[in-house]
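Trainee: One structure, pasted below without further comment.
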Amino acid sequence: ATAITCFTRGLDLRKETEDVLCPANCPLWQFYVFGDGVYASLSSVCGAAIHRGVITSAGGAVKVQTLPGQENYPAVNANGIQSQMLARWASSFAVTPYPFNILTGSKDVVLEAVGRSISTARPSTGKRPKKTLEKKSGNKDCKADIAFLIDGSYNIGQRRFNLQKNFVGKVAVMLGIGTEGPHVGVVQASEYPKIEFYLKNFTTAKDVLFAIKELGFRGGNSNTGKALKYTAQKFFSLENGARKGIPKIIVVFIDGWPSDDIEEAGIVAREFGVNVFIVSVAKPTTEELGMVQDIAFVDKAVCRNNGFFSYQMPTWFGTTKYVKPLAQKLCSHEQMLCSKTCYNSVNIAFLIDGSSSVGDSNFRLMLEFISNVAKAFEISDIGSKIATVQFTYDQRTEFGFTDYITKEKVLSAIQNIRYMSGGTATGDAISFTTRNVFGPMRDGPNKNFLVVLTDGQSYDDVRGPAAAAQKAGITVFSVGVAWAPVDDLRDMASEPRESHTFFTREFTGLEQMVPDVIRGICRDFLDSKQ
């Protein structure tokens with residue numbers, strides 16, 4: 001048997017099956033053990049052997065069998081050792097008695113067989129489980145899917161690579177990783193990029209820390225551009241854990257300078273809706289500038305060249321003071337300008353004519369039109385938002401922008417709207433919506449749109465209220481059906497009126513207008529960002 005230390009882990013062993021000798025008097029409280037029976041390879045071999053009852057604290061020989069990785073390693077208390085939970089790990093091992101105990105000169109006796117060990121699951125009484133649940137949910141105020149693109153080139157070297165891992169681990173903890181908070185993954189840039197783990201692999205800070213700790217240094221050229229482009233294109237897929245409506249971020253760590261073109265990669269990332277941050281360490285000296293392909297590489301790679309997306313650290317030593325400011329930036333979802341598209345950054349209020357001339361069956365067709373437009377957008381608490389107001393002579397807010405923050409609930413609420421029936425006062429309804437629905441959203445980050453659906457002549461003035469809405473920053477689209485006067489529709493619509501005014505003779509024609517209204521909203525959104 002090969003002699004090992006108290007803290008030798010399963011992943012430190014190189015053979016599929018290996019006989020090892022654990023020393024005596026290992027301090028039980030210092031063991032890190034994950035699982036029960038099958039242990040994550042991060043676990044101490046001797047700690048796992050004592051936990052399993054294969055040996056005692058007096059030490060002894062153990063047979064170790066390497067196993068595949070798994071999910072949900074349980075936390076179990078046994079033989080004085082409390083093992084810990086782990087959501088997932090890439091490899092495992094099991095321990096069994098060695099036929100002859102070298103230390104004692106006798107056959108090993110498995111303690112479980114003679115009833116000297118009682119394994120008990122972690123207690124589930126009191127307030128502790130609630131605390132664990134809250135911790136697992138993470139920082140709900142920080143919604144982000146983040147890829148840390150770390151430098152694994154010869155530029156950084158093994159020593160600074162380890163300091164980089166330490167810094168990334170601290171940032172991960174500061175973010176508050178959890179199921180409902182930020183999710184992170186890691187890609188290593190070197191000669192060829194390597195995705196070390198995806199967003200879906202770990203959802204607790206503890207698991208992420210262990211995963212970062214185990215990253216190996218790859219070496220090679222610092223082909224950061226190649227790695228950035230690869231990450232933008234491959235990393236943020238739904239099957240790999242990316243979430244709809246959540247900002248996508250790549251934090252690029254560069255020690256020195258990249259050895260390839262990074263500008264094109266930055267363009268690709270922006271096209272994919274990814275916010276690129278550059279953390280540069282040890283900027284090139286005056287003598288080294290001649291070796292740098294493009295000295296403005298940071299400005300050309302980041303999401304926006306406004307100072308927010310670039311971060312400078314003079315060295316990898318003493319970086320603790322830089323952890324919190326970087327984490328705060330990554331959690332500022334309002335600042336993630338490259339994530340903002342027309343689909344996830346608009347507020348759309350639908351003003352629905354509920355007058356007697358519409359009729360119940362046609363009213364359902366209007367609701368179908370609204371649903372089909374809403375389906376195109378990424379509705380969430382930090383994404384696009386939908387509101388509806390029905391009007392006759394009176395107005396009724398069916399639901400506001402903050403009432404429903406998922407697409408499913410919005411669509412369900414639209415289908416549950418009940419037809420009012422009455423007269424037609426479109427101007428008053430526009431004023432009501434501007435004041436009561438858009439008013440609370442005035443200082444929000446999203447662009448505001450109002451879609452007015454009506455089938456007839458308004459009994460009041462529409463031009464003044466529509467102009468006031470537009471002055472308040474609301475873009476107005478008018479959609480008329482049947483007897484709606486084209487002059488009224490044009491008076492309500494934003495400029496250019498031709499592209500913001502729609503009309504159909506029949507309510508069944510509303511369905512064909514859906515793509516045109518969506519395109520119009522996206523066109524106006526993009527124009528507003530120029």
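Trainee: Here's a check for you: in the range 457-473, which residue that is of a type outside the set (Asp, Glu), open to solvent by less than 60 Å² (accessible area, probe 1.4 Å) and in a loop (DSSP other than H, G, I, E, B) is nearest to Arg490 (Cα to Cα)?
Mentor: So, considering only residues that are of a type outside the set (Asp, Glu), open to solvent by less than 60 Å² (accessible area, probe 1.4 Å) and in a loop (DSSP other than H, G, I, E, B), the one nearest to Arg490 (Cα to Cα) is Val462.
Trainee: Inside the range 253-283, can you point out the residues that are within 26 Å of Thr341 (Cβ to Cβ) and aromatic (Phe, Trp, Tyr)?
Mentor: Phe272, Phe277
Trainee: Out of the range 365-395, which residues are part of a strand (DSSP E or B), more than 26 Å from the chain's Cα centre (by Cα) and over 21 Å from Leu510 (Cβ atoms)? Talk me through it step by step, then tell me what you get.
Mentor: Looking only at the range 365-395, we keep the residues that are part of a strand (DSSP E or B), and these are 379, 384-391, 395.
Subsequent filtering for residues that are more than 26 Å from the chain's Cα centre (by Cα) retains 388-391, 395.
The one that is part of a strand (DSSP E or B), more than 26 Å from the chain's Cα centre (by Cα) and over 21 Å from Leu510 (Cβ atoms): Gln395.
Trainee: Report those strands (runs of 3 or more DSSP E) wholly inside the range 105-199 carrying at least 2 residues which are at pLDDT 95 or above.
Mentor: Values: elements: 145-151, 183-189, 194-197.
So the answer is 145-151, 183-189.
Trainee: Still on this model: Is at least one residue of the range 384-402 under 20 Å from Val476 (Cβ atoms), free of Cβ contacts under 8 Å to residues at least 12 places away in the same chain and out of contact with any Leu (no Cβ under 8 Å at 6 or more places or on another chain)?
Mentor: no
Trainee: Another question, then. Mind checking which pairs have a first residue in the range 226-255 that is hydroxyl-bearing (Ser, Thr, Tyr) and a second that is open to solvent by less than 10 Å² (accessible area, probe 1.4 Å) and outside any helix (DSSP H, G or I), Cβ under 6 Å, 6 or more apart or different chains?
Mentor: The qualifying pairs are Thr231/Ala147; Thr231/Leu149; Thr231/Val187; Thr231/Ile250.
Trainee: What are the residues in the range 342-367 that are open to solvent by 50 Å² or more (accessible area, probe 1.4 Å) and closer than 30 Å to Ser310 by Cβ, if any? So that I can check it myself, show each step before the final result.
Mentor: From the range 342-367, those open to solvent by 50 Å² or more (accessible area, probe 1.4 Å) are 343, 356-357, 360-361, 364-365; that's our starting set.
Answer for the range 342-367, where residues must be open to solvent by 50 Å² or more (accessible area, probe 1.4 Å) and closer than 30 Å to Ser310 by Cβ: just Tyr343.
Trainee: Filter the range 288-327 for residues that are open to solvent by less than 50 Å² (accessible area, probe 1.4 Å) and modelled with pLDDT under 85; which is nearest to the chain's Cα centre (by Cα)?
Mentor: Only one residue fits best here, namely Ala301.
Trainee: Out of Gln395, Gln335, I need the residue that is open to solvent by 30 Å² or more (accessible area, probe 1.4 Å) and at pLDDT below 95. Which one? Don't jump to the end; show me each part of the working.
Mentor: Values: Gln395 fails: at pLDDT below 95.
After ruling out the rest, the residue left standing is Gln335.
Trainee: If we keep just the residues of the range 516-530 that are of a type in the set (D, E, K, R) and farther than 15 Å from Tyr343 by Cβ, which is least open to solvent (accessible area, probe 1.4 Å)? Don't jump to the end; show me each part of the working.
Mentor: Taking the range 516-530 first, the residues of a type in the set (D, E, K, R) are 516, 519, 523-524, 527, 529.
After this cut, where a residue has to be farther than 15 Å from Tyr343 by Cβ as well, the list is 516, 527.
Working: Asp516: 63, Asp527: 96 Å².
Top of the filtered list is Asp516.
Trainee: Let me ask something else about it. I need a count of the residues in the range 209-265 that are open to solvent by 40 Å² or more (accessible area, probe 1.4 Å), outside any loop (DSSP other than H, G, I, E, B) and among the polar types (S, T, N, Q).
Mentor: 1
Trainee: Which members of the range 476-501 meet the condition of being surrounded by 15 or more Cβ atoms within 10 Å (Cβ to Cβ) and part of a helix (DSSP H, G or I)? Before you say what the answer is, go through the steps one by one.
Mentor: So the first thing to find is which residues in the range 476-501 are surrounded by 15 or more Cβ atoms within 10 Å (Cβ to Cβ), and the list is 476-482, 484-485, 488-494, 499-501.
Matches in the range 476-501: Asp488, Leu489, Arg490, Asp491, Met492, Ser499, His500.
Trainee: Tell me which of these Ala40 doesn't satisfy, since it passes every other one: (1) open to solvent by less than 10 Å² (accessible area, probe 1.4 Å); (2) out of contact with any Phe, Trp or Tyr (no Cβ under 7 Å at 6 or more places or on another chain); (3) of a type in the set (A, V, I, L, M).
Mentor: For Ala40, the exception is condition (2).
Trainee: Run down Thr504, Thr454, Thr433, Thr508 and say which single residue is surrounded by fewer than 19 Cβ atoms within 10 Å (Cβ to Cβ), touching a strand residue (DSSP E or B) at 6+ places or on another chain (Cβ under 9 Å) and within 20 Å of Val373 (Cβ to Cβ). Quick ask: steps written out before the conclusion?
Mentor: On the way: Thr454 fails: surrounded by fewer than 19 Cβ atoms within 10 Å (Cβ to Cβ); Thr433 fails: surrounded by fewer than 19 Cβ atoms within 10 Å (Cβ to Cβ); Thr508 fails: touching a strand residue (DSSP E or B) at 6+ places or on another chain (Cβ under 9 Å).
So the residue among Thr504, Thr454, Thr433, Thr508 that is surrounded by fewer than 19 Cβ atoms within 10 Å (Cβ to Cβ), touching a strand residue (DSSP E or B) at 6+ places or on another chain (Cβ under 9 Å) and within 20 Å of Val373 (Cβ to Cβ) is Thr504.
Trainee: I'm trying to understand the selection: among the residues of the range 15-73, which are touching a residue at least 40 places away in the same chain (Cβ under 8 Å) and either of a type in the set (Asp, Glu) or assigned by the TED database to the domain that holds Phe197 (or both)? First the steps, then the outcome.
Mentor: Step one: list which residues in the range 15-73 are touching a residue at least 40 places away in the same chain (Cβ under 8 Å), which gives 15-22, 24, 28, 31-43, 45-49, 52-56, 58-66.
The answer is Glu16, Glu18, Asp19, Asp36.
Trainee: Right, another one. Considering only strands (runs of 3 or more DSSP E) fully contained in the range 1-95, which possess at least 1 residues that are at pLDDT below 90, among the polar types (S, T, N, Q) and under 30 Å from the mean Cα position of the chain (by Cα)? Talk me through it step by step, then tell me what you get.
Mentor: Details: elements: 17-22, 38-40, 60-73, 76-78.
Result: 60-73.
Trainee: Further question: Which condition breaks for Met513 when tested against (1) in contact with a Lys or Arg (Cβ under 9 Å, 6 or more places away or on another chain); (2) open to solvent by less than 90 Å² (accessible area, probe 1.4 Å)?
Mentor: With respect to (1) in contact with a Lys or Arg (Cβ under 9 Å, 6 or more places away or on another chain); (2) open to solvent by less than 90 Å² (accessible area, probe 1.4 Å), Met513 is out only on (1).
Trainee: Moving on to the next point. Quick check on the range 76-86. Is at least one of its residues surrounded by fewer than 16 Cβ atoms within 10 Å (Cβ to Cβ) and more than 21 Å from Thr204 (Cα to Cα)? Break it down into steps so the answer makes sense when it comes.
Mentor: Step one: list which residues in the range 76-86 are surrounded by fewer than 16 Cβ atoms within 10 Å (Cβ to Cβ), which gives 80, 82.
Add one more test, that the residue is more than 21 Å from Thr204 (Cα to Cα), and what stays is 80.
Within the range 76-86, one or more residues are surrounded by fewer than 16 Cβ atoms within 10 Å (Cβ to Cβ) and more than 21 Å from Thr204 (Cα to Cα).
Trainee: Can you name the number of the only condition in (1) out of contact with any helix residue (DSSP H, G or I) (no Cβ under 9 Å at 6 or more places or on another chain); (2) surrounded by 19 or more Cβ atoms within 10 Å (Cβ to Cβ); (3) at pLDDT 95 or above that Asn416 fails?
Mentor: If we test Asn416 against (1) out of contact with any helix residue (DSSP H, G or I) (no Cβ under 9 Å at 6 or more places or on another chain); (2) surrounded by 19 or more Cβ atoms within 10 Å (Cβ to Cβ); (3) at pLDDT 95 or above, just (2) comes out false.
Trainee: Please specify each residue of the range 179-196 satisfying the condition of being under 18 Å from the mean Cα position of the chain (by Cα), within 27 Å of Gly10 (Cα to Cα) and surrounded by fewer than 22 Cβ atoms within 10 Å (Cβ to Cβ).
Mentor: Ile195, Glu196, listed by residue number.
Trainee: Is there a residue being at pLDDT 95 or above and among the acidic types (Asp, Glu) anywhere in the range 421-431?
Mentor: There is at least one residue in the range 421-431 that is at pLDDT 95 or above and among the acidic types (Asp, Glu).
Trainee: Checking the condition surrounded by fewer than 19 Cβ atoms within 10 Å (Cβ to Cβ) and within 27 Å of Asn201 (Cβ to Cβ), which residue from Arg14, Arg9, Arg52 passes? Even if it seems obvious, please write down each step before you answer.
Mentor: Numbers: Arg9 fails: surrounded by fewer than 19 Cβ atoms within 10 Å (Cβ to Cβ); Arg52 fails: surrounded by fewer than 19 Cβ atoms within 10 Å (Cβ to Cβ).
Every option except Arg14 fails the conditions.
Trainee: Look through Arg497, Arg463, Arg490 and report the one residue that is in contact with a strand residue (DSSP E or B) (Cβ under 6 Å, 6 or more places away or on another chain) and farther than 20 Å from Thr388 by Cα.
Mentor: Values: Arg497 fails: in contact with a strand residue (DSSP E or B) (Cβ under 6 Å, 6 or more places away or on another chain); Arg463 fails: in contact with a strand residue (DSSP E or B) (Cβ under 6 Å, 6 or more places away or on another chain).
One residue alone meets the criteria, Arg490.
The values are calculated or read from the model by the stated rules, or taken from the named source; none is laboratory data. Note that the structure is a prediction, hence the values are computed from the model and not measured. Here the Cβ is made from the backbone with ideal geometry for all residues, glycine too, and neighbour counts use every protein chain on show. Surface areas here come from the heavy atoms of the whole protein model, side chains and all, with no ligands, DNA or RNA. Shrake-Rupley method; radii C 1.70, N 1.55, O 1.52, S 1.80 Å.
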